[in-house]
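To keep things clear, I will list the structure first and then write my remarks on it.
What follows is calculated from the coordinates using simple rules that are stated; it is not laboratory data. Since the structure is predicted, the reported quantities are computational estimates derived from the model, not experimental observations. Please note: Cβ atoms are built from the backbone with ideal geometry, for glycine as well, and neighbour counts cover all protein chains shown.
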Amino acid sequence: MAITVNASKPSQLLAAIKKAIDDKEIETWSYDGDGDFTHTPDQWKNKAWLRPVVVSSSLRFGLLGQKDIDMTKVVYGVYHGRFNEMLLTHFDEDFSSTVASAQKDASVDQFN
């Protein structure tokens with residue numbers, strides 16, 4: 001259940017996302033001291049986190065769940081859908097495509 005963002009400059013894209021959040025251009029996402037992103041509307045805040053991993057030509061986001069709480073398809077769908085929506089709205093010039101995996105990706109996902 002990872003998001004892969006295909007980008008020629010993934011580190012710069014990650015920095016731009018954080019800057020847009022810091023500058024309040026993006027108000028529905030925040031990130032914590034570990035760099036993990038959470039959706040900030042009350043209904044979804046801290047239900048999950050997306051952890052970024054920069055690789056050569058892409059930016060991958062693994063899904064982190066709450067401790068001792070099973071991940072639901074609804075939370076998975078909202079986090080992946082809304083994060084992709086944010087990317088398309090604000091950063092469409094900075095990447096070529098995104099892919100959301102349908103099943104847990106043990107290399108980046110951490111949830112029950």
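Structure notes:
- HN-Hα J in Hz across the stretch 34-49 - Karplus 6.51, -1.76, 1.60, θ = phi - 60°, x for Gly and Pro: 8, x, 7, 9, 10, 7, 8, x, 3, 5, 10, 4, 6, 7, 6, 9
- Net charge over other residues, Cβ less than 14 angstrom from the Cβ of LEU59 (K, R count +1; D, E count -1): +2
- FRET efficiency, PHE91 to ASP42 (Cβ-Cβ, R0 41 Å, nearest 0.05): 0.95
- Inter-label distance for ASP34 and VAL74, nm, one decimal - labels placed 7 Å from Cα along Cα-to-Cβ: 2.4
- In the chain, the calculated helix contribution to ellipticity at 222 nm averages -9500 deg cm²/dmol per residue, counting -39,500 (n - 2.57) for every DSSP H run with n ≥ 4.
- Other residues whose C-beta falls under 12 angstrom from the C-beta of SER11 contribute a net charge of +1, scoring Lys and Arg +1 and Asp and Glu -1.
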